[in-house]
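Beneath this line is the structure, given in structure tokens, with notes to follow.
Nothing in this text is a laboratory measurement; each read-out follows from the coordinates by a stated rule. Predicted model only: the values in this text are computed from it and were never measured. All Cβ positions, even for glycine, are placed from backbone atoms using ideal geometry, and neighbour counts span all protein chains on display.
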Amino acid sequence: MLPFPHLVVDDFLEPTVAEQAYANFPKMEKMDALKDIRQYKAQDPNISNFDGIRDLKPDQKLYAAGLAQSTDGGFLNVHVDNSSHPVQSWYRRINILVYLNPHWSEEKGGHLELWSQNMS
């Protein structure tokens, strides 16, 4: 049994929409790089800097959220996503991860893993 309810939807986006999103996704050098023992990736919490759905009302600071990416050699160690907000009394009820990887291959790894609290 998995540690929490989840849903995986392959081919969630129409191919043309996925291709457009991939083409519009910001380049690594335009994002803040995070490189330490836990991770090597780029992210930008200010989603308004990039193309996206207009008039959504998310956390304006996108605490622990926003666009993120990595390149060959990038990684993100096992971690618990933030569920509470440091200022507001909000609780994150859902995380949505959309992978735009038209050139991904099995050899590159990068599989999503959902771990239980006992780290299994």
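Under a plain spin-label model, where a point goes 7 Å from the Cα along Cα-to-Cβ, how far apart in nm are residue 17 and residue 89? Label-label distance for residue 17 and residue 89, simple model: 3.6 nm.
Modelled label positions at residue 80 and residue 7, each set 7 Å beyond Cα in the direction of Cβ, lie 2.5 nm from each other. Highest mean first, the peptides 101-109, 63-71 sorted by other C-beta atoms within 10 Å per residue fall in the order 63-71, 101-109.
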